[in-house]
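Written below as structure tokens is the structure these notes are about.
Bear in mind that the values in this text are calculations on the coordinates, not laboratory data. All values reported here derive from a predicted model rather than from experimental measurement. Note: ideal-geometry Cβ built from the backbone for every residue, glycine included; neighbour counts use all protein chains shown.
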Amino acid sequence: MNKADLALFALDAPSAYGQSVSKALNIPLSPHEEREFEDGEHKARSLVNVRNKDVFVLHSLYSDAKASVNDKLCRLLFFLGSLRDASAGTVTAIVPYLCYARKDRKTQARDPVTTHYVAELFDAVGIDRIVTMDVHNLMAYQNAFRAHTDHLEATRLFVDHFAQVVGSSEITVVSPDSGGVKRAERFQSALSRRLGRPIGTAFVEKYRAGGIVSGEALIGDVKDRTAIIIDDLISTGGTLARSAKACRAHGATRVYAAATHGIFVGKPETLLGETALDQLVVTDTVPPFRLPVEAIGTKVIVLETAPLVAEAIRRIHTGDSLVDLMEI
């Protein structure tokens, strides 16, 4: 890898996640300036020459105490546009958690398809590629952008973790709704290969009307088994708690859950206090700043994604395939 031809930026400096990716990739973060103005406007610019370089900008788009998701999105778009104007050879947005990815279709009359609008904004500033992880709807993500799309998955990280946890118990992988069955089946297949034994699948019915979620039936067998609930993200945790209770009610002996993006809005202590759930596993695409410190490492396990993101950057820069990076 020719490091002289590559530049890696991480907005929201100092970025712990950016430093982790930088360390895993073994190149320093390129310096940049971020300025705030009295009226709420802001600007960001590179402090190094990016002409003809492969430029990667890392920014996970979630709200925190410092900035809203909309503010972060705006900052990222402006910075990407400035790199294109500065004659970067290629501009790649690395967005481990992509905001608005859940609103990918019309569910009511005159609904917005916000996923598509966000994609148009990225395309408008001239990016060449966007890389994200475990997006809510892969097909909608791939179809929304004109720029090249790459999609990373945390499946291997979850398989590595649970292969050390489940022991010799019989296992059922559970999707918290019918829409996540494909995701659950992919994890089930990978974990089954790793353990060398068959693993069952199940899903919990889920209906949403007027903001109210209902449905408690579980289709599949979890009786006297370890249940592992798989999802792409946790927002309030209501769906996850409902699924954990359903697994216990149907005789599961242990209930684990895994989700790539842990947003934990609302009252996360309610989910953490749920006795039906033994342990929750998330990744660091969204730092667990909304959780009590004492829950980290006990009730909640956080897996590191920086090595995966760094390897994806290396392969994109060198022209190697990302396909086998996702194979398990």
Highest-fluctuation residue, ARG35, ARG156, ARG105 considered, GNM on the chain with Cα pairs under 10 Å
ARG35
With the cut-off at 12 Å, report for region 104-146 the share of all Cα pairs above it, as a whole percent.
62
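What GluC sites (Glu not before Pro) does region 7-50 have in DSSP loop regions with at most 13 other beta carbons within 10 Å?
Qualifying residues, ordered by number: GLU38, GLU41.
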Mind jotting down the distance between the C-alpha centroids of region 1-53 and region 288-326, whole Å?
19
Give me the extension gain from GLU120 to ILE296: residue separation times 0.36 nm, minus the current Cα-Cα distance, reported in nm with one decimal.
59.6 nm
Most exposed first, judged by fewest Cβ atoms within 10 angstrom, SER46, SER321 run SER321, SER46
Ranked output for segments 306-313, 175-182, 230-237, 193-200 by mean other Cβ atoms within 10 Å, highest leading, reads 230-237, 306-313, 175-182, 193-200
Measure nothing fancy, just the Cα-based angle from helix 238-249's long axis to the longest principal axis of the chain, in degrees from 0 to 90, nearest 10.
30
What is the Cα coordinate range of the chain on the first, second and third principal axes, sorted by size from largest, in whole angstrom?
61, 44, 39
Per 5 Å bin, what is the whole-percent P(r) computed from every C-alpha pair distance within region 155-303?
2, 10, 21, 24, 22, 14, 6, 1, 0
May I ask for the longest run of the chain untouched by chymotrypsin sites (Phe, Trp or Tyr not before Pro) that are loop-located per DSSP and have at most 11 neighbouring C-beta atoms (other than their own) within 10 Å?
38-288
So how strong a dipole does the chain carry about its Cα centre when Lys and Arg Cβ are +1 and Asp and Glu Cβ are -1, to the nearest 20 debye?
460
Amide H contacts of THR90 (H built 1.01 Å from N, under 5 Å, at least 5 apart or other chain):
LYS53, ASP54, VAL55
What is the angle, in °, between the Cα long axis of helix 114-124 and the longest principal axis of the Cα atoms in the chain? Nearest 10 is fine, range 0 to 90.
20
List the residues, sorted by chain then number, that are 5 or more residues from LEU58 or on another chain and whose placed amide H is less than 5 Å from its amide H.
PHE9, ALA10, LEU11, ILE94
Angle between the chain longest axis and helix 69-85 axis [Cα atoms, degrees, rounded to 10]
40
Expected max-MSF residue from ILE27, ILE229, ILE263 in the GNM of the chain (alpha carbon, under 10 Å) is ILE27
Packing-based exposure ordering (other Cβ within 10 Å, fewest first) of MET139, MET133, MET326:
MET139, MET326, MET133
Of the beta bridges DSSP finds with both residues in the chain, what % are antiparallel, to the nearest 5?
20
